[in-house]
Amino acid sequence: VTAVSYEAIARAFAAGDPRELSDRGLADRFGCKVEFVARVRREAGLPRYTRRARSIRERVEVKVRELSRPVGDGHQEWAGQVSGDGVPVVRVPGLCTTVGRVAFQMANGRPPEGNVKPGCALAHCVAPGCQTDRPIRAALRAPVAGVGA
Ligand SMILES: [Zn+2]
């Protein structure tokens, strides 16, 4: 097994959700041993594959689509539950999370890093395209660093 495929597997994990990618599935895709994929996962400190992760995510995404209402200009408001401080939350068996985190993954195909906040001016907007995580906010800030927060 070459170093190149180690990188390829690490990239495959980074591009998706490690909880939804089985060692066996990646081993088949890259033509390497299951133990090798398991080692990449372990060394990167990634969560284990769980058969339920995908079905829970699909269920929560259906609920988010059902309860999001377009309010113009691509923004969406939440017609479901909110937390004590007004943050849209969504609950399915096995998962309770903020709508922003689910919407972020729907738009980006990967789980968010750090907090998720809408990048637009609509308070608690839940439009997938409006959600930002820490790396995205850092990238948006970079060109105008020093011009203010
Ligand atoms: Zn928005």
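The values are calculated or read from the model by the stated rules, or taken from the named source; none is laboratory data. The structure displayed is predicted, hence computed values, not measured ones. We place every Cβ from the backbone using ideal geometry, glycine too, and count neighbours over all the protein chains shown.
General observations
- Subset of segment 51-82 that is touching a residue at least 24 places away in the same chain (Cβ under 8 Å) and of a type in the set (Gly, Ala, Ser) - its residue that is nearest to residue 121 (Cα to Cα): 74
- The numbered conditions (1) acidic (Asp, Glu); (2) surrounded by 14 or more Cβ atoms within 10 Å (Cβ to Cβ); (3) at pLDDT below 95 are all true for residue 7 except (2).
- Taking the criterion of being within 16 Å of residue 64 (Cβ to Cβ), of a type in the set (Val, Ile, Thr), free of Cβ contacts under 8 Å to residues at least 60 places away in the same chain and within 14 Å of the ligand (Cβ to nearest atom), the only residue of segment 102-138 that qualifies is 116.
- Test: residue 35 is under 20 Å from residue 95 (Cβ atoms), surrounded by fewer than 17 Cβ atoms within 10 Å (Cβ to Cβ) and not basic (Lys, Arg): no
- Screening residue 75 with (1) more than 15 Å from the ligand (Cβ to nearest atom); (2) at pLDDT 95 or above; (3) surrounded by 16 or more Cβ atoms within 10 Å (Cβ to Cβ) gives one miss only, at (1).
- One residue stands out in segment 1-23 among those that are without any contact (Cβ under 8 Å) to a residue 12 or more places away in the chain and assigned to a helix (DSSP H, G or I): the one that is nearest to residue 107 (Cα to Cα), namely 11.
Per-residue answers, yes or no, for (1) under 20 Å from residue 128 (Cα atoms); (2) among the polar types (S, T, N, Q):
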site	(1), (2)
5	no, yes
10	no, no
15	yes, no
23	no, no
29	no, no
37	no, no
46	no, no
52	no, no
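- Screening residue 102 against (1) under 14 Å from the mean Cα position of the chain (by Cα); (2) surrounded by fewer than 19 Cβ atoms within 10 Å (Cβ to Cβ); (3) of a type in the set (A, V, I, L, M, F, W, C) leaves a single unmet condition, (2).
- Restricting attention to segment 79-99, the residues being within 14 Å of the ligand (Cβ to nearest atom) and either touching a Lys or Arg at 6+ places or on another chain (Cβ under 8 Å) or modelled with pLDDT under 95 (or both) number 0.
- Yes/no for residue 27 being away from the ligand (no atom under 16 Å from the Cβ) and surrounded by 18 or more Cβ atoms within 10 Å (Cβ to Cβ): no
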